């Protein structure tokens with residue numbers, strides 16, 4: 001038994017040391033005696049950080065960027081809000097998406113506490129159900145705030161506009177924008193400014209995923225379809241129970257498939273906050289990729305996105321783990337390259353052992369050997385790496401393996417992996433600069449998740465990949 005405990009501790013320590021070579025994760029001390037189940041993070045001037053909690057408090061933190069975190073100070077800005085899940089700072093005010101409304105709060109007399117409270121819009125429904133969450137963005141390029149509304153109890157739509165994404169214009173008008181939502185865990189932008197949200201495994205969701213909120217689109221869950229009548233919009237699609245996403249989207253052009261599926265248990269279980277990397281290398285080499293928080297596994301994942309035939313798709317990779325609670329919001333300071341993360345374990349357990357957490361992550365400046373991008377080709381994929389590869393291992397098809405599957409689109413909860421396939425790696429051609437490999441593959445399957453293992457690949461320096469697994473959702477195969 002002692003040997004097994006020692007072995008487990010050694011493996012954990014080895015992983016922790018490897019991660020700390022590249023990313024330094026640090027806990028930020030919280031105000032003593034307070035329940036800080038962090039649900040929103042907003043960056044303010046002068047390196048102040050605002051955090052909102054699930055219990056409705058807003059606090060202002062100073063010192064969160066400092067070298068000595070023991071000097072962090074906190075001041076309560078306000079209390080009594082209703083579970084804010086989305087907050088941003090603009091022109092001296094904080095804007096918050098609460099369960100029943102989009103709000104603006106301000107400290108007009110500069111005494112450090114809020115004294116102005118304004119409702120910008122409250123045109124959607126709410127009841128006492130615990131699951132009627134509302135997640136909101138910062139303004140898009142038009143100034144609109146996007147809000148995605150969870151179903152009632154995650155199975156029903158007992159309040160108006162549950163299961164929809166709405167836009168709130170700068171003048172406070174509500175515009176119903178997308179239908180087919182189930183149980184969002186976060187909403188945000190990619191580097192190009194398009195809006196995505198994370199939906200969780202459940203009814204009409206075989207596995208959790210990152211989904212593109214193309215205006216006018218249907219996202220797959222018909223529970224809230226009935227609300228189209230409120231705005232005199234066309235009826236959203238009604239998919240066939242027991243079908244597949246690809247089969248239904250071929251019937252319904254408005255049905256936008258998940259951009260990237262996160263296979264349940266393999267890539268977390270409850271994806272949450274979304275942040276693009278616009279830091280120009282201040283947080284590592286992942287320029288214009290997307291970070292996604294994870295509640296159950298207490299992680300941050302990395303997503304590479306591309307468009308093929310007008311549809312988003314791409315690959316998800318593990319990045320950072322070991323956070324002290326289940327993550328809900330993440331926020332990257334693009335200028336300073338600091339990632340803030342907060343969360344809570346209430347309602348859903350997580351790998352993190354604490355009831356709530358507030359943490360920051362900084363890149364050490366050392367780049368891990370990783371698959372940087374994974375781009376779809378007519379007969380395979382092109383992998384780009386963060387550093388030159390060893391040509392002998394990278395050009396050997398035996399260094400790679402692939403499995404593919406999809407999920408049942410059904411009114412039952414979740415789905416097993418079905419319609420399994422085993423694509424064959426036929427050839428691996430290394431580029432002249434040794435930074436990329438063109439994989440030729442027989443047996444790609446449109447609409448399937450393709451799990452690539454690159455365990456045999458080594459860098460020119462002889463290093464194995466930090467993370468050898470990539471999960472690519474192949475919605476479209478490029479034309480030859």
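Taking the criterion of being part of a strand (DSSP E or B) and touching a strand residue (DSSP E or B) at 6+ places or on another chain (Cβ under 6 Å), the residues of the stretch 84-100 that qualify are 87, 88, 89, 93, 94, 95, 96, 97. Tallying residues that are touching a residue at least 12 places away in the same chain (Cβ under 8 Å) and more than 28 Å from the chain's Cα centre (by Cα) within the stretch 51-71 yields 1.
When the stretch 313-338 is filtered for residues that are in contact (Cβ under 8 Å) with a residue 60 or more places away in the chain, on the phi > 0 side of the Ramachandran plot and more than 15 Å from the chain's Cα centre (by Cα), only 322 remains. When 182, 162 are screened for being in contact with a strand residue (DSSP E or B) (Cβ under 9 Å, 6 or more places away or on another chain) and under 18 Å from residue 84 (Cα atoms), only 162 passes. Select from the stretch 380-404 the residues that are more than 30 Å from residue 219 (Cα to Cα) and either in the same structural domain as residue 182 (by TED's automatic domain parsing) or surrounded by 18 or more Cβ atoms within 10 Å (Cβ to Cβ) (or both) and list them in ascending order. Passing the criteria: 385, 386, 389, 390, 393, 394, 399, 400.
For the stretch 359-378, a tally of residues being closer than 13 Å to residue 438 by Cβ, in contact with a strand residue (DSSP E or B) (Cβ under 6 Å, 6 or more places away or on another chain) and either in a loop (DSSP other than H, G, I, E, B) or at pLDDT below 95 (or both) returns 0. All told, residue 428 falls short of being surrounded by 21 or more Cβ atoms within 10 Å (Cβ to Cβ), assigned by TED's automatic domain parsing to the domain that holds residue 279 and either modelled with pLDDT under 95 or farther than 21 Å from residue 266 by Cβ (or both). A count restricted to the stretch 248-257 and to residues that are in contact with a helix residue (DSSP H, G or I) (Cβ under 7 Å, 6 or more places away or on another chain) and either in a loop (DSSP other than H, G, I, E, B) or not assigned by TED's automatic domain parsing to the domain that holds residue 318 (or both) stands at 1.
Of the residues that make up the stretch 95-109, is at least one farther than 19 Å from residue 49 by Cα, touching a residue at least 60 places away in the same chain (Cβ under 8 Å) and crowded, with 20+ Cβ neighbours inside 10 Å? Within the stretch 95-109, one or more residues are farther than 19 Å from residue 49 by Cα, touching a residue at least 60 places away in the same chain (Cβ under 8 Å) and crowded, with 20+ Cβ neighbours inside 10 Å.
Taking the criterion of being more than 25 Å from residue 306 (Cα to Cα), in a helix (DSSP H, G or I) and either assigned by TED's automatic domain parsing to the domain that holds residue 451 or at pLDDT 95 or above (or both), would at least one residue in the stretch 405-412 satisfy it? Looking through the stretch 405-412, none of the residues is more than 25 Å from residue 306 (Cα to Cα), in a helix (DSSP H, G or I) and either assigned by TED's automatic domain parsing to the domain that holds residue 451 or at pLDDT 95 or above (or both).
To keep it simple, each residue is scored yes or no on (1) touching a residue at least 24 places away in the same chain (Cβ under 8 Å); (2) crowded, with 16+ Cβ neighbours inside 10 Å.
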site	(1), (2)
424	no, no
433	yes, no
438	yes, yes
443	yes, no
452	yes, yes
463	yes, no
475	yes, yes
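Taken together, 122, 154, 108, 67 contain a single residue that is out of contact with any strand residue (DSSP E or B) (no Cβ under 8 Å at 6 or more places or on another chain) and in the same structural domain as residue 219 (by TED's automatic domain parsing), which is 67. When the stretch 84-94 is filtered for residues that are surrounded by fewer than 18 Cβ atoms within 10 Å (Cβ to Cβ) and closer than 22 Å to residue 54 by Cβ, the ones remaining, listed by number, are 89, 93. Of all residues in the stretch 224-242, those that are surrounded by 18 or more Cβ atoms within 10 Å (Cβ to Cβ) and under 23 Å from residue 417 (Cα atoms) total 1.
Of note, residue 81 satisfies the criterion of being assigned to a loop (DSSP other than H, G, I, E, B), in contact (Cβ under 8 Å) with a residue 24 or more places away in the chain and surrounded by 22 or more Cβ atoms within 10 Å (Cβ to Cβ).
The values are calculated or read from the model by the stated rules, or taken from the named source; none is laboratory data. Every value quoted in this text rests on a predicted model; they were computed, and no experiment measured them. Every residue, glycine among them, receives a Cβ derived from its backbone with ideal geometry; neighbour counts consider all protein chains shown.
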